[in-house]
1. Which one of these does S68 not meet: (1) in contact with an Asp or Glu (Cβ under 8 Å, 6 or more places away or on another chain); (2) part of a helix (DSSP H, G or I)?
2. Kindly list the number of the only condition in (1) surrounded by 10 or more Cβ atoms within 10 Å (Cβ to Cβ); (2) at pLDDT below 95 that fails for M1.
3. Run down R63, R20, R51 and say which single residue is modelled with pLDDT under 95 and surrounded by 10 or more Cβ atoms within 10 Å (Cβ to Cβ).
4. Is it the case that M62 is over 32 Å from the mean Cα position of the chain (by Cα), outside any helix (DSSP H, G or I) and not polar (S, T, N, Q)?
5. Looking at E32, E18, E45 in this structure, which one is within 30 Å of T67 (Cα to Cα) and within 30 Å of the chain's Cα centre (by Cα)?
Amino acid sequence: MGDDVVALLLALATENAELRDQLAAAQDMLVETAIDAGNLHALIEAVQVERDAWRAHAEALMRQDGTSLPRA
């Protein structure tokens, strides 16, 4: 093989290695983002459950007084 071919193959191998490193970093960030999204989803669900409990409690109190909560 000529020197030009060897240099081209070396450049391609180097670029390929760099792209693989970038891909691995992007995949790591994607996994971290998915974990964060799952945690946020769980937190939102917990807040919604708490909101519903407070709403039910407030509605029960309003029924005792003969009033009602405004609907959003």
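1. Unmet for S68, out of (1) in contact with an Asp or Glu (Cβ under 8 Å, 6 or more places away or on another chain); (2) part of a helix (DSSP H, G or I): (2).
2. If we test M1 against (1) surrounded by 10 or more Cβ atoms within 10 Å (Cβ to Cβ); (2) at pLDDT below 95, just (1) comes out false.
3. On the way: R20 fails: modelled with pLDDT under 95; R51 fails: modelled with pLDDT under 95.
Only one candidate qualifies: R63.
4. Taking the combined requirement at face value, the residue does not satisfy it.
5. Going through E32, E18, E45 in turn, the sole match is E45.
The values are calculated or read from the model by the stated rules, or taken from the named source; none is laboratory data. Predicted model, so just to flag it, every value in this text is computed and none were measured. All Cβ positions, glycine included, derive from the backbone under ideal geometry; neighbour counts span all protein chains shown.
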